[in-house]
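See structure below.
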Amino acid sequence: GLMNTAIRSNDPVLVLEHVDLYGGTGMVPEYDLDFYIPFGKAAIRRLGERVTILTYLSMVERCLEAAEEAGVDAEVIDLRSLDRASLDWATITASVQKTRNVLIAEQGARGTSYGAMLADEMQRRCFGVLNQPIRRVTGGEASPAISKVLERAACAGKEEVIDALRAYFSGKA
């Protein structure tokens, strides 16, 4: 859907596809392969009451699994479009006002993180409703290497999200 939107756009668009998504399946309208998803519209993938998880790309599925396994009533929001100017603040803010807690989960390295900008902006927009500081799950400080072992060590996954969710409500940082 986002690719169709990009093709229809008169503006320059950069499309990033994560290799982990290639083997996956998702919902596509059965009789409309030309459907599109508007830029700047996030999707709530799981409803919850205790914490809002903001995520994107391959971490969406990992966060959904982590919320189930951790047994935390988490609302999972797939940001879908990462354009800072058209981020879906209405969906994000409504969720944060409901849960009053935020976890930003992304696979990449902490130092080059989109989530850092997101957390900074959330502090400005939602500070008054937050029960505790925004927490982040990221990969390590280094980018992934060719080795699968080193790649796993550098990238955040479901296990890191589960640990963060459990720590969030246990009082441990």
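The values are calculated or read from the model by the stated rules, or taken from the named source; none is laboratory data. Predicted model only: the values in this text are computed from it and were never measured. A quick note on method: Cβ atoms are made from the backbone with ideal geometry, for glycine too, and the neighbour counts reach across all protein chains shown. Note: accessible area is taken over every heavy atom of the protein model, side chains too, but ligands, DNA and RNA are not part of it. Shrake-Rupley method; radii C 1.70, N 1.55, O 1.52, S 1.80 Å.
Could you tell me which of the residues GLU75, GLU69 is closer than 30 Å to ILE37 by Cα, outside any helix (DSSP H, G or I) and at pLDDT 85 or above?
Going through GLU75, GLU69 in turn, just one is closer than 30 Å to ILE37 by Cα, outside any helix (DSSP H, G or I) and at pLDDT 85 or above: GLU75.
Tell me, please, whether a residue that is at pLDDT 80 or above and either crowded, with 19+ Cβ neighbours inside 10 Å or acidic (Asp, Glu) (or both) can be found in segment 8-26.
Yes, segment 8-26 contains a residue that is at pLDDT 80 or above and either crowded, with 19+ Cβ neighbours inside 10 Å or acidic (Asp, Glu) (or both).
Could you grab me the full set of residues in segment 40-66 that are of a type in the set (D, E, K, R), outside any helix (DSSP H, G or I) and closer than 18 Å to LEU16 by Cβ? Spell out how you get there, then give the answer.
So the first thing to find is which residues in segment 40-66 are of a type in the set (D, E, K, R), and the list is 41, 45-46, 49-50, 61-62, 65.
After this cut, where a residue has to be outside any helix (DSSP H, G or I) as well, the list is 41, 45-46, 49-50.
The answer is LYS41, and nothing else.
Looking at ARG166 and the list (1) buried (at least 19 other Cβ atoms within 10 Å of the Cβ); (2) in contact (Cβ under 8 Å) with a residue 40 or more places away in the chain; (3) not aliphatic (A, V, I, L, M), which single condition is not satisfied?
Only one criterion is unmet by ARG166, namely (1).
Would you confirm whether or not segment 139-158 contains a residue that is under 19 Å from GLU106 (Cα atoms), touching a helix residue (DSSP H, G or I) at 6+ places or on another chain (Cβ under 6 Å), at pLDDT 90 or above and of a type in the set (A, V, I, L, M)?
So far as segment 139-158 goes, no, none of its residues is under 19 Å from GLU106 (Cα atoms), touching a helix residue (DSSP H, G or I) at 6+ places or on another chain (Cβ under 6 Å), at pLDDT 90 or above and of a type in the set (A, V, I, L, M).
Considering each residue of segment 100-135, count those that are among the aromatic types (Phe, Trp, Tyr) and out of contact with any Asp or Glu (no Cβ under 9 Å at 6 or more places or on another chain), and give that number.
Number of matching residues: 1.
Which residue out of ARG62, ARG45 is modelled with pLDDT under 95, basic (Lys, Arg) and closer than 30 Å to GLU151 by Cβ?
Answer to the selection: ARG62.
For segment 110-141, name all the residues that are open to solvent by 60 Å² or more (accessible area, probe 1.4 Å) and of a type in the set (A, V, I, L, M, F, W, C).
PHE127
For ARG136, state whether it is touching a strand residue (DSSP E or B) at 6+ places or on another chain (Cβ under 9 Å), under 20 Å from ALA66 (Cα atoms) and basic (Lys, Arg).
yes
In the set ALA90, ALA105, which member is small (Gly, Ala, Ser), under 18 Å from MET59 (Cα atoms) and not in a loop (DSSP other than H, G, I, E, B)?
Values: ALA90 fails: under 18 Å from MET59 (Cα atoms).
Exactly one of ALA90, ALA105 is small (Gly, Ala, Ser), under 18 Å from MET59 (Cα atoms) and not in a loop (DSSP other than H, G, I, E, B), namely ALA105.
Would you call THR99 surrounded by 15 or more Cβ atoms within 10 Å (Cβ to Cβ), closer than 18 Å to VAL161 by Cβ, among the hydroxyl-bearing types (Ser, Thr, Tyr) and touching a helix residue (DSSP H, G or I) at 6+ places or on another chain (Cβ under 6 Å)?
It is false that THR99 is surrounded by 15 or more Cβ atoms within 10 Å (Cβ to Cβ), closer than 18 Å to VAL161 by Cβ, among the hydroxyl-bearing types (Ser, Thr, Tyr) and touching a helix residue (DSSP H, G or I) at 6+ places or on another chain (Cβ under 6 Å).
Considering only segment 42-81, state which residues are under 17 Å from MET3 (Cα atoms) and either more than 13 Å from the chain's Cα centre (by Cα) or surrounded by fewer than 16 Cβ atoms within 10 Å (Cβ to Cβ) (or both).
So in segment 42-81, the residues under 17 Å from MET3 (Cα atoms) come out as 42-43, 56-58, 78-81.
Within segment 42-81, just ALA43 meets the criteria.
Tell me, yes or no, whether segment 140-156 has at least one residue that is within 17 Å of the chain's Cα centre (by Cα) and within 20 Å of ARG45 (Cα to Cα).
Among the residues of segment 140-156, at least one is within 17 Å of the chain's Cα centre (by Cα) and within 20 Å of ARG45 (Cα to Cα), which makes the answer yes.
Evaluate segment 148-156: report whether one residue or more is under 26 Å from GLU17 (Cβ atoms) and surrounded by 20 or more Cβ atoms within 10 Å (Cβ to Cβ).
Of the residues in segment 148-156, the ones under 26 Å from GLU17 (Cβ atoms) are 148-156.
With surrounded by 20 or more Cβ atoms within 10 Å (Cβ to Cβ) added as a condition, the list becomes 155-156.
Checked segment 148-156: at least one residue is under 26 Å from GLU17 (Cβ atoms) and surrounded by 20 or more Cβ atoms within 10 Å (Cβ to Cβ).
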